[in-house]
Amino acid sequence: MVVGRNFRGEGKKPSNYCSTVSIAVFVAFCLVGIWIVMSSINPIQNSVIQVSDPINEGKHIVSENGFKQFEDNISDLPEESTRGDSQTRKSHIGSPLENQDDQKGSENVFDNTAEENQQEVVRDSAGLEKGHGNTTEEKESDRNLNSEFVETENLGGQIDDDRLTSDEGKSDKSVNDDKSGTEKSTDEVTQQDEMDGWTEEERIKKILPSKIKQSTGENDTESDQNSQVSKEISITGNQSETLTEASNESGNLSSKAVEAYNENEPQRSSTSIDSSNYDWKLCKTSAESEYIPCLDNVQAIRKLRSIRHYEHRERHCPDEASTCLVPLPEGYRSPIKWPKSRDMIWYNNAPHTKLVEAKGHQNWVKVTGEYLTFPGGGTQFKHGALHYIEFIQKSLPTIAWGKRSRVILDVGCGVASFGGYLFEKDVLTMSFAPKDVHEAQVQFALERGIPATLGVMGTKRLPFPGSVFDLLHCARCRVPWHEEGGKLLLELNRVLRPGGYFVWSATPVYQKDPENVGIWKDMSKITMSMCWDLVVIGKDKLNGIAAAIYRKPTDNECYYRRLKNEPPMCNESDDPNKAWNISLQDCMHQVPEGASERGSVWPEQWPLRLEKSPYWLDSQSGFYGRAAPVEFTADYKHWKNVIYRSYLNGIGMNWSTVRNVMEMRAVYGGFAAALKNFKVWVMNVVPIDSQDTLALIYERGLFGIYHDWCESFSTYPRSYDLLHADSLFSNLKGRCNIVAVIAEVDRILRPEGYFIVRDNVETISEIESIAKSLNWDVRFSYSKSGEGLLCVQKTFWRPTKVEPILSAIV
């Protein structure tokens, strides 16, 4: 009490006052000195950059900016407040993994990590308050830490943008000027180090959020939530190089922020448009909601001189590409999600019952209330596709589903249950069938989430390169292989890889009536002349059928030994990879035997073949002019970078609704390869006016097709959940009607499906204008240095005006 009073100047000081003051001053100076020394050491520590592979998804780059980098990633900052170094943010996704149990496990791990980071940030914040007091600079530091705390706490949810933006407005200048060396959270660095040795899938699981919002009524919330990531958008130029994240100089803005900014700055990627510039109308055709312009050209079909070779099932495109929009079927609903969709779809989405009546006894499809259900059967496997798949494997174990046999072609696929169940074996099946009396079979397949396309074995080559399929399958596919010297079988020979198998499950293999016996004799003669080896005839007692399995030769020795050159060998000038609108040839191509030729060696087993550059690329130049193996690797890294750092949660998409994906301009297949671990399949389209890389895409265990985007694609309306176009439309200008191409995008894209475009700013602006006129939602729009990225979502809107299409009216 006496000391207290004296300290406040009340009464006389005691005799030891001077010594006490001296000691206190000395201690204070010591503490200040220690604090100064520690402050001088921290900037040195913060200047150390932890180097990480810029492509390994989920990794953070720790740079000199420390906490400032988080501020630069807040979604609603104006451009002038987002200057500085780029920063990679954690990627979020709406349940894209194949294994949902793994995802649930990752949620617990992620939640625990978030709690640890939260506690660490709170301790750091308390330390600063205690050590430094309440100066203006220290308050700003506290805001930074609170912002990071909020981000950590809400990694799976929505950040409080209003509060963060308000605080940011007060402290942005001071932080940018004075806090560039602030240290990053040690927990994040530790977590980063732990992830260095992990596999790609482990990293994805580590960074996934625990919950997603799937309701379409929550789109605005999803847009805000899904925009917390760096935007990597390098589009043009040498795309084979691994591209870095877009720097904060151009801002890391959410879709809402971008749209708001564009309203004030119309010179950016978005432009103000008048929807009346595009007078959209509904297509009035006999096909109604299932109109396919190049397959429903009634006028052209009527003019055909013959339909003996299924000419009426082939493509006959109108002279002028259509710009009308296909109507929705009455009662259309968002498709059921995979994998449930494999077994059932909404009846109103594909309201057809002919197959139910004709094939119900074979368990193709049934009507069950408001659903069409698919028991998994087929003409040759009434007791289910899985048993049939196992039967083939047991008949010839070297087929090795999902390892040696990865990419297969199912001819006359029906409702594609064979390919649908092969997903369980890690097999990717290109199922195809014509639009014929088997009403809507391919439409059913696509609605189920199973890869399929419309096509026919007619007078034209199939739109695939030569020697790309590991196995071909025909289960009573109604193709007359034995006729005209096996001309159609020779087309199968063209697309079958040397050493690949042809599984023919049909009545001539096991029934002994005169007609079937005659067909079997003809087939035996033709296959022997083609040097196909009949490896085995397997018998399936459960289904009461049998299958003959043939193997294509791996060298040319048998061809040289033939007494008759029938069928003849093709001329050397006949390129087996030229397949777009090319007439069938009744000849065989020699098997490649050179050490550096594609097809002379079987590809690596799956999944190694996905990432390993093929041996035959070593001697070739790449798409962009560099060494092909270098471009191959860089392309794969580039797309992993884009998908994991931007697409998964940065552009306003709900990936849990995505199953059927199309890459409209594929190069090396890196985009599809980067989606390997997710519940999607990707149709890689190589445009006919682009360099041909489709065979390489097949080589790595993926598949695709040739196409001319000035024409309609051979698929039903509403087939795909996501269309991705990288530098496509700028290349189409001058050759195609862009409005017609967008109308085609609208035709094949499902309502609530997504359309991602990467191109130059001029093209992005034009497409965004068209998309807005279609009443599509702009989920994300971004531009930098003349390049842009756009993500839009199709809605259920349809115009009221009608445009009769005379060529498609019966």
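The values are calculated or read from the model by the stated rules, or taken from the named source; none is laboratory data. Remember, it's a predicted structure, so these values are computed and weren't measured experimentally. When we count neighbours, we look across all protein chains shown, and the Cβ atoms used for this are built from the backbone with ideal geometry, even at glycine. Accessible surface is based on the protein model in full, side chains and every heavy atom, while ligands, DNA and RNA are left aside. Shrake-Rupley method; radii C 1.70, N 1.55, O 1.52, S 1.80 Å.
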*Failed condition for residue 635, given (1) open to solvent by 10 Å² or more (accessible area, probe 1.4 Å); (2) out of contact with any Lys or Arg (no Cβ under 6 Å at 6 or more places or on another chain), with all others met?*
(1)
*Mind counting the residues in the stretch 588-614 that are assigned to a loop (DSSP other than H, G, I, E, B), of a type outside the set (Asp, Glu), more than 16 Å from residue 495 (Cα to Cα) and open to solvent by 40 Å² or more (accessible area, probe 1.4 Å)?*
5
_With the requirement that a residue be under 28 Å from residue 357 (Cα atoms), of a type in the set (Ser, Thr, Tyr) and open to solvent by 10 Å² or more (accessible area, probe 1.4 Å), what does the stretch 372-411 give you?_
373, 379
*Output for the stretch 255-281, where each listed residue is open to solvent by less than 30 Å² (accessible area, probe 1.4 Å) and modelled with pLDDT of 95 or more*: 280
_On the basis of being under 16 Å from residue 754 (Cα atoms) and modelled with pLDDT of 95 or more, does residue 659 make the cut?_
yes
*asked:* Take the conditions closer than 22 Å to residue 309 by Cα and in contact with a Gly (Cβ under 9 Å, 6 or more places away or on another chain) and apply them to residue 472. Does it pass?
replied: yes
*Only one of these conditions is not met by residue 458: (1) within 26 Å of residue 594 (Cα to Cα); (2) in contact with a His (Cβ under 9 Å, 6 or more places away or on another chain); (3) not hydrophobic (A, V, I, L, M, F, W, C). Which number is it?*
(1)
*What pairs come up if the first residue lies in the stretch 616-631 and is more than 17 Å from residue 670 (Cα to Cα), the second is part of a helix (DSSP H, G or I), and their beta carbons are under 8 Å apart, counting only those six or more places apart or on different chains?*
618/628; 618/629; 620/628; 621/628
*asked:* Criterion first (open to solvent by 30 Å² or more (accessible area, probe 1.4 Å) and either out of contact with any helix residue (DSSP H, G or I) (no Cβ under 6 Å at 6 or more places or on another chain) or part of a helix (DSSP H, G or I) (or both)) does residue 640 satisfy it?
replied: no
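If you take the residues of the stretch 676-703 that are closer than 17 Å to residue 754 by Cβ and of a type in the set (Val, Ile, Thr), which of them is surrounded by the fewest Cβ atoms within 10 Å (Cβ to Cβ)? Lay out the reasoning, then the answer.
Here is the first cut: in the stretch 676-703, the ones closer than 17 Å to residue 754 by Cβ are 678-683, 685.
Keeping just the survivors that are of a type in the set (Val, Ile, Thr) gives 680, 682, 685.
Values: 680: 19, 682: 27, 685: 25.
Here the answer is 680.
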*Please give the number of the condition residue 673 fails out of (1) open to solvent by less than 10 Å² (accessible area, probe 1.4 Å); (2) in a loop (DSSP other than H, G, I, E, B).*
(2)
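Which one is farthest from residue 346 (Cα to Cα), of the residues in the stretch 273-332 that are basic (Lys, Arg) and part of a loop (DSSP other than H, G, I, E, B)?
The qualifying residue farthest from residue 346 (Cα to Cα) is 305.
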*Filter pass, residue 507 being closer than 27 Å to residue 382 by Cβ, within 29 Å of the chain's Cα centre (by Cα) and of a type outside the set (A, V, I, L, M)*: no
*asked:* It is to be established whether one or more residues within the stretch 483-497 are surrounded by fewer than 20 Cβ atoms within 10 Å (Cβ to Cβ) and in contact with a helix residue (DSSP H, G or I) (Cβ under 9 Å, 6 or more places away or on another chain).
replied: yes
*Residues that are of a type in the set (D, E, K, R): find the strands (runs of 3 or more DSSP E) completely inside the stretch 342-407 holding 1 or more of those.*
366-368
*Within the stretch 569-599, work out how many residues are closer than 18 Å to residue 497 by Cβ, polar (S, T, N, Q) and modelled with pLDDT of 95 or more.*
2
*Can you tell which of 420, 414 is surrounded by 24 or more Cβ atoms within 10 Å (Cβ to Cβ) and modelled with pLDDT of 95 or more?*
420
*In the stretch 448-467, which residues are in a strand (DSSP E or B) and either of a type outside the set (A, V, I, L, M) or open to solvent by 10 Å² or more (accessible area, probe 1.4 Å) (or both)?*
453, 454, 460
